[in-house]
Amino acid sequence: MTNTANPETTLKILEIDPWLAPHRHDLEERMKRYYGVKNELLGEIKSFNDFANGHHYFGFHQTEEGWYYREWAPAADALYLIGDFNGWNRDSHPLTRKDNGVWEIFLSGKNSLPHESLVKVHVKSQGNANDRIPLYIRRVIQDPVNHNFSGQIWAPENPFVWTDSEFHVDPGKAPLIYETHIGMAQEKCDLGTYKEFEDNMLPRVKDLGYNTIQIMAIMEHPYYGSFGYHVTNFFAASSWFGTPEELKSLINKAHEMGITVLMDIVHSHAAKNFAEGINAFDGTDYQFFHSGGQGNHDVWDSKLFNYGKHEVIHFLLSNIKFWLEEYHFDGFRFDGITSMIYHDHGLGTAFDNYNRYFSMNTHVEALTYLQFANELIKEVKPASISIAEDMSGMPGMCLPIEYVGIGFDYRLAMGMPDFWVNTLKHSDDDWNMHALYHELSTSRYMEKRIAYVESHDQALVGDKTFIFRMADKEMYWHMNKESQSLEIERAIALHKMARFITISLGAEGYLNFMGNEFGHPEWIDFPREGNGWSFKHCRRQWTLADSDYLRYYDLNQFDKAMIHFMSEEGLVGGYAPQCLWIDQDRKIIAFRKKDFIFIFNFHPTESYPGLELPIHEDSKFEVILDTDEYRFGGHGRISHDVIYETYKLNMNNDFTGISIYSPNRTAIVLRKK
C-alpha cells in the first residue's frame, strides 16, 4: 500500500458486510487514523520496511574498527556500559547523549567485546541508579549460582550459514499447524533443546503430514512457567533451549524439509520485571507503556504498551522485522489480540452485537499498530503468514487493509474449542447436529479461519484435554488394547470424529497442539514450588504413541492418515462444504467437498444398515477412509471393497443418492469413481 496523505477510502468492508453500515463513521476514522499516523511515521520514507530498522542501529554492532552500542533512553541522566570487558566498572565507559533521547558509545578494537562476554548498562535517572539489560540485546543468560540475568555478546567467529534460499511458503497451500513448545517437546524430565527438537521432532511432524510448526516461548522470558507469555527481552531468542545458532539450525532444517515456521509473538503486553525487562528502563513508567493504572494489566500482572507513541511503534515493528530477517521465521501468531484492541481487554464482554466492536471501549491505536504490523510483514516477506488470536471476532480482522481491514491472513477460530467443551457437558443424545455444523462451517465472508479442537490452552492444569474430559481416570488403566472400557471406547471414537469433522468443515487451516493428536494423558504443569519443581508433567511421552499395543498408537495413526488425506487431496480451505443431510434424531451429518462425501454418525448406540443419502447426481462412490478401521483401533465395520452406485432413493423418488451402512460413532469418507 502506498504512502498517500489523505486518500479517498472506499469502504469495501461495507460491501462485504452491510450490517456494518451504522458504524461507517468508526470505519472512516479507522482509516483516517491509519493514513495520518503512517504519514507522520514515514514522511518521505517509502515503506515500513525502510522504517522498521531499530535493530540495525540500536544495541551492539561490530565493525572492523570496533563496537558501537546505542540505546534509546530519553529520560535518563546518564548511561554507562558495564560488563566483563571492564570488570563491571560503573564509571569507566559512559555513553554520550545524542539527539532524541539516543545514547551512544564506541569501543575501539574489533575484539573489545569478546564473544560470550557478559554486559549490562548502568542507568542513572530520576535520582536512581540501576544496572539494566540493554533493550536490543540479542542474548540473555542466567547465572546458575545467583540466578541473575545478564546480556551476553553474541558474535561467534563462524556465524551460522543458511541453506534455505530455495524454501518459500506456498500461499496456495492451507496451513496445517503443529503447535509446539521446545522445552516440553522431549520425553525426558528436563528441558528440551533446539537441537533435540530439530533431531527428534521435525521428522515426527513431517511424518504426521503437518506442513507448519508454530513455536511458542521463543522470545526471552525469565520464568519458564509463563509459557513464554511474560516477555522481558524482545530481541533475544530464549536461552532456556540453547543458542541462537541452534535455533537457526532448527528453522533451516525445517525449511529443508518443506515445513513453514511460525513464531508465537507477544506484543500485547510485557513482563513487569524491572531487573530483566524493559519496564522503566529510562526511569519513567511511560517510556514504552501507558503511565499509571492504564499501563497495567491487572489480570495478567503485566505492562501494557502505548501504541500511540511513535517510538513504541518503531520498537515493535523493528522487532517483527528482526525475527523475519535474523531467524528466517515465516510469520507469526499474534498473542492476546483481544486484550490489545479493547480498553477492558475483552474481559467479561459478550460480543453479541456489532456495537461491542465500535465504542469508547475500542483501542483504536492498537488497531492501527496491527495494521502497520501486517503491512510490514508482507513487505519483508510477501508469502508470510499472520494469525490473530482474537476471541472477540472483530469484523475485518482478516480483511486487507485497503478494504478497511486489519490485514491478518487468518484468525484462530476460538469458538470451536469452546463449543466442543460445552458439547461434552451434555449427554451424547442431546448433542445438537445443526449447532455443530453451523459452528464449524460458518465464518465471516472472506475472512479465513484456523480450525482446532484444542490448543495448548485446553491442556494446562486447571483445564482438561478433549480426551481427558471423556475418559478421565480410565485413561490410567484401560489404554492397553487388551483392556476393555466403555468410557475409553467412547473417548477414542469421538476423539477421531471431532478432529475429522473440525478439519473438514470449511476452515482454511487447522491446528493441533503437540501430543494432543494421540490423546496425551498428562496435563501441562510447569516446574514450580507446588510440585517440587518437577518436570514430570512438562514433557511429552512419545513412546505412548509409538507403542503399537496401546490405543495412543491407534489415535496417532488416525491423525497421520487424516492429515495426509486432507492435505494431499487439497480439502482444507478453498472449497466450502455442500450440506447433504443433517438428521438431529439419528445424529447424522453428511456433506460434500469436491468429489468426496463425508458422513458422520454421532449416535452413541444406533447404527443404520441402509442409510439413504441424497447426492443429486448419477455416479459411483467408494469408501477410502473411515474412523472405524482396525488400524485406527476401530471394529472394521465398513467394507472398502463395495462400490456404491446412485439410484432414485426410496425416501424420495426425486432424490438421487446412495444407500450405505453407517455405524454408530463413525465417520466415513467416500470418493467419486
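The values are calculated or read from the model by the stated rules, or taken from the named source; none is laboratory data. Keep in mind that what you see is a predicted model, and the values were worked out from it rather than measured. Every residue, glycine among them, receives a Cβ derived from its backbone with ideal geometry; neighbour counts consider all protein chains shown. What goes into the accessible areas is simple: the full protein's heavy atoms, side chains included, and nothing from ligands, DNA or RNA. Shrake-Rupley method; radii C 1.70, N 1.55, O 1.52, S 1.80 Å.
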Go through (1) closer than 30 Å to P382 by Cβ; (2) open to solvent by 40 Å² or more (accessible area, probe 1.4 Å); (3) aliphatic (A, V, I, L, M); (4) part of a helix (DSSP H, G or I) one by one and return the number of the condition A21 breaks.
(1)
Given T338, T368, which one is open to solvent by less than 50 Å² (accessible area, probe 1.4 Å), in a helix (DSSP H, G or I) and touching a Gly at 6+ places or on another chain (Cβ under 6 Å)?
T338
Within region 526-538, does at least one residue satisfy the condition of being closer than 27 Å to A388 by Cβ and touching a helix residue (DSSP H, G or I) at 6+ places or on another chain (Cβ under 9 Å)?
yes
With the requirement that a residue be open to solvent by 10 Å² or more (accessible area, probe 1.4 Å) and either in a helix (DSSP H, G or I) or without any contact (Cβ under 8 Å) to a residue 12 or more places away in the chain (or both), what does region 203-222 give you?
P203, R204, K206, D207
Suppose we filter region 400-436 for residues that are open to solvent by 30 Å² or more (accessible area, probe 1.4 Å), hydroxyl-bearing (S, T, Y) and either touching a Lys or Arg at 6+ places or on another chain (Cβ under 7 Å) or not in a loop (DSSP other than H, G, I, E, B) (or both); how many remain?
1
Of the conditions (1) closer than 19 Å to H61 by Cβ; (2) open to solvent by 20 Å² or more (accessible area, probe 1.4 Å), A129 clears all except one; give me its number.
(1)
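Consider region 545-567. How many of its residues are in a helix (DSSP H, G or I), open to solvent by 30 Å² or more (accessible area, probe 1.4 Å) and either touching a residue at least 24 places away in the same chain (Cβ under 8 Å) or in contact with a His (Cβ under 8 Å, 6 or more places away or on another chain) (or both)? Full working, then the answer.
Narrowing region 545-567 to residues in a helix (DSSP H, G or I): 545-546, 551-567.
With open to solvent by 30 Å² or more (accessible area, probe 1.4 Å) added as a condition, the list becomes 546, 553, 557, 560, 564, 567.
Subset that is either touching a residue at least 24 places away in the same chain (Cβ under 8 Å) or in contact with a His (Cβ under 8 Å, 6 or more places away or on another chain) (or both): 553, 557, 560, 564, 567.
Of the residues in region 545-567, 5 are in a helix (DSSP H, G or I), open to solvent by 30 Å² or more (accessible area, probe 1.4 Å) and either touching a residue at least 24 places away in the same chain (Cβ under 8 Å) or in contact with a His (Cβ under 8 Å, 6 or more places away or on another chain) (or both).
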Residue identified as on the phi > 0 side of the Ramachandran plot and surrounded by 20 or more Cβ atoms within 10 Å (Cβ to Cβ) among A271, A280
A280
Answer yes or no: is there a residue in region 3-16 that is touching a residue at least 60 places away in the same chain (Cβ under 8 Å), open to solvent by 40 Å² or more (accessible area, probe 1.4 Å), within 19 Å of W103 (Cβ to Cβ) and in a loop (DSSP other than H, G, I, E, B).
no
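For region 88-112, enumerate the residues that are open to solvent by 60 Å² or more (accessible area, probe 1.4 Å), farther than 24 Å from F289 by Cα and modelled with pLDDT of 95 or more. Walk me through how you get there before you give the answer.
Narrowing region 88-112 to residues open to solvent by 60 Å² or more (accessible area, probe 1.4 Å): 88-91, 94, 96-100, 106, 108, 110-111.
Okay, now just the ones that are also farther than 24 Å from F289 by Cα, so 88-91, 94, 96, 106, 108, 110-111.
Selection gives W88, N89, R90, D91, P94, T96, F106, S108.
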When you go through (1) part of a loop (DSSP other than H, G, I, E, B); (2) open to solvent by 20 Å² or more (accessible area, probe 1.4 Å); (3) farther than 23 Å from N39 by Cα; (4) at pLDDT 95 or above one by one for E325, which number turns out not to apply?
(1)
Being free of Cβ contacts under 8 Å to residues at least 40 places away in the same chain and assigned to a helix (DSSP H, G or I) is the filter here; which residues of region 472-506 pass it?
D472, K473, E474, L486, E487, E489, A491
Quick one: V572 ticks every box in (1) more than 34 Å from the chain's Cα centre (by Cα); (2) assigned to a loop (DSSP other than H, G, I, E, B); (3) buried (at least 17 other Cβ atoms within 10 Å of the Cβ); (4) β-branched (V, I, T) except a single one, so which number is it?
(1)
Unmet criterion (only one of (1) modelled with pLDDT of 95 or more; (2) open to solvent by 30 Å² or more (accessible area, probe 1.4 Å)) for M397:
(2)
Out of the residues in region 223-233 meeting the condition of being under 17 Å from the mean Cα position of the chain (by Cα) and not hydroxyl-bearing (S, T, Y), tell me which one is surrounded by the fewest Cβ atoms within 10 Å (Cβ to Cβ).
F227
Does I467 meet the test of being closer than 30 Å to D583 by Cβ, in contact with a Phe, Trp or Tyr (Cβ under 6 Å, 6 or more places away or on another chain) and open to solvent by less than 60 Å² (accessible area, probe 1.4 Å)?
no
Condition first: closer than 21 Å to V266 by Cβ and part of a helix (DSSP H, G or I). Now tell me which residues in region 234-250 satisfy that.
P244, L247, K248, L250
S339 passes all but one of the listed conditions (1) touching a residue at least 12 places away in the same chain (Cβ under 8 Å); (2) within 28 Å of A413 (Cα to Cα); (3) out of contact with any strand residue (DSSP E or B) (no Cβ under 9 Å at 6 or more places or on another chain); the exception is number (3)
Unmet requirement for R637, which otherwise passes all of (1) surrounded by 13 or more Cβ atoms within 10 Å (Cβ to Cβ); (2) within 19 Å of R499 (Cβ to Cβ); (3) basic (K, R):
(2)
Being β-branched (V, I, T), assigned to a loop (DSSP other than H, G, I, E, B) and over 21 Å from D207 (Cα atoms) is the filter here, so list the residues in region 251-284 that pass it.
V266, I278, T284
Farther than 30 Å from L571 by Cα and without any contact (Cβ under 8 Å) to a residue 40 or more places away in the chain: is that true of E245 in this structure?
no
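Restricting to region 640-673, name every residue that is open to solvent by less than 40 Å² (accessible area, probe 1.4 Å) and more than 34 Å from the chain's Cα centre (by Cα). It would help to see each step written out before you state the result.
We begin by selecting, within region 640-673, every residue open to solvent by less than 40 Å² (accessible area, probe 1.4 Å); these are 644, 646, 649, 656-658, 660, 662-664, 666-670.
Selection gives Y644, T646, L649, T656, G657, I658, I660, S662, P663, N664.
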For R671, indicate whether it is touching a residue at least 12 places away in the same chain (Cβ under 8 Å) and assigned to a strand (DSSP E or B).
yes
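Here's the yes/no breakdown for (1) polar (S, T, N, Q); (2) assigned to a loop (DSSP other than H, G, I, E, B); (3) closer than 29 Å to E482 by Cβ:
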residue: T605; (1), (2), (3): yes, yes, yes
residue: P609; (1), (2), (3): no, no, no
residue: L613; (1), (2), (3): no, no, no
residue: D628; (1), (2), (3): no, yes, yes
residue: S639; (1), (2), (3): yes, yes, yes
residue: N650; (1), (2), (3): yes, yes, no
residue: I658; (1), (2), (3): no, no, no
residue: N664; (1), (2), (3): yes, yes, yes
residue: A667; (1), (2), (3): no, no, yes
Out of N296, N306, I need the residue that is among the polar types (S, T, N, Q), in contact with a His (Cβ under 8 Å, 6 or more places away or on another chain), modelled with pLDDT of 95 or more and crowded, with 17+ Cβ neighbours inside 10 Å. Which one?
N306
Any residue at all in region 438-460 that's surrounded by fewer than 16 Cβ atoms within 10 Å (Cβ to Cβ), at pLDDT 95 or above and either closer than 28 Å to W581 by Cβ or β-branched (V, I, T) (or both)?
yes
Just give me the residues in region 507-526 being farther than 18 Å from A545 by Cβ, small (G, A, S) and not in a strand (DSSP E or B), in sequence order.
A507
